[in-house]
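Engineer: Once you've had a glance at the structure underneath, I'll fire off some questions.
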Amino acid sequence: MASRLLNKLRSRKGPEDQVIDESLADVEPGSSVLGGALRLREGDEAEDRQDLEDDDIEEDYGGSEESGGNVRSGSSPQSIPVEENVSTHVQWPSIMTKGYDQLVFQVLSANVSEDSHSKYVLYTFAVLSVGCAEMHHTIVSRRYSDFFRLDQLLRSKFQSELSSVIFPRKQFARNFTGRTIARRSRAFEQYLAHLASLSSIRNDGSFWNFFTIPELHNGHADIRGGMYNEAYATLSNIASLQERIVPPPALYTELSKTLAALVVCCQGLNKPAEAQEHCQRALDLLDREQQKAKRRSPVPSRAEAPSHPVAQDTLELMLALLSANIRLSWMIGKDKRQSEACLEELTAGGVYNTQIPTLKELVVKRYVD
């Protein structure tokens, strides 16, 4: 099933796109057939990782942690074909049988791109959710430096879990050959699948931020620029991915913030009915998060304002969503009394005694570089 969907995705590629390895088109994602530079240590086998620190022509590490995945940097992609199917006799656990086997990763294409700072390869891969009645997918593009930063960040937190994994090394030459790109593509597939199979890493924000932060930056920048169609397309894609890759309870706040941005997009596009649907869904998620928080700790007095900055941000978002939902419900003729009662309860008790910000005011402040 997964391979059929991947073949369908490949058939949609543009004229500049090039599938990494046509000989693997019918190979099931996660199969042991996929060979790569990533492998597991056996015994005390040592591997020199020094060249990972070298500043190669392929990547520029001078940018911010999020900027590497931004594909709007004025790059001019040049499609590069893969010369052959590369196998390096990788020994890899059967990730499709692990507890977190619902996520599968497959590189669809790799383009050699160049900007004012460096020349690099942009890997475009599908994140597929399997093991359910309907398969979902999201397309994401990242550079080698993005994978490298993710690996360094995770190793600082999960050294023992990743001690047996060797990250694909940089090379002093032949970084842009089809053989190198094919090997790295297979390695990155296996690397992400292995991370997704580890519950400790799967539940860490560094893992899911790798797939979402650059696009969230782009989507919110488009909102600030009034490009609501572009922002809606980007943020809808990421909202779908967050549902599958961010675990609860973090999912409730992360997804509700993205839905709030989609509300602003729909308002800018004069789509009040769709805006109200996103608004109500975000409120439902925040309510679920609040219910879980109450079970984890004693209920504070209504007169006590939340002291934790995250709780305060969540409260502001909830108030802004309630205000927006009341107006949107009125516009489309839906019952708004429940939202009005919730808003009255939060404001009358002195929990929040300043002027309620508009939803757009909150959204445009997020992901400001």
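Coordinate-derived values only; no laboratory data. The structure presented is a predicted model; accordingly, all values stated were derived computationally and were not measured. Cβ sites come from the backbone with ideal geometry, for glycine too, and all protein chains shown count toward neighbours.
Engineer: If you take the beta carbon distance between GLN338 and GLU230 as r and set R0 to 41 Å, what does 1/(1 + (r/R0)^6) give as a FRET efficiency, to the nearest 0.05?
Structural biologist: Between GLN338 and GLU230 the formula returns 0.75.
Engineer: Report the full-extension gain for the segment GLU243 to GLU114: residue separation times 0.36 nm, less the Cα-Cα distance, to one decimal in nm.
Structural biologist: 43.1 nm
Engineer: Oh, and also: Work through the residues other than ILE332 whose Cβ is under 14 Å from its Cβ and net out their charges, Lys, Arg +1 and Asp, Glu -1.
Structural biologist: Charge balance near ILE332 sits at +1.
Engineer: Taking 0.36 nm per intervening residue step and subtracting the Cα-Cα distance, what contour gain separates ARG174 from GLN290 on full extension?
Structural biologist: 36.5 nm
Engineer: Report, in whole Å, the centroid distance computed from the Cα atoms of region 230-259 and region 265-284.
Structural biologist: For region 230-259 versus region 265-284, the Cα centre distance is 14 Å.
Engineer: Between SER164 and ASP313, how many nm apart are label points set 7 Å from Cα along the C-beta direction?
Structural biologist: 3.6 nm
Engineer: Set the Förster distance to 41 Å, then compute FRET efficiency between LYS157 and TRP330 from the Cβ-Cβ distance, nearest 0.05.
Structural biologist: Computed FRET efficiency for LYS157 and TRP330: 0.30.
Engineer: Checking the table LYS334/LYS360; LYS157/LYS360; LYS336/LYS365; LYS119/LYS360; LYS119/LYS257; LYS119/LYS157 against a 32 Å threshold on Cα-Cα, which pairs fail?
Structural biologist: Over 32 Å Cα-Cα: LYS157/LYS360; LYS119/LYS360; LYS119/LYS257.
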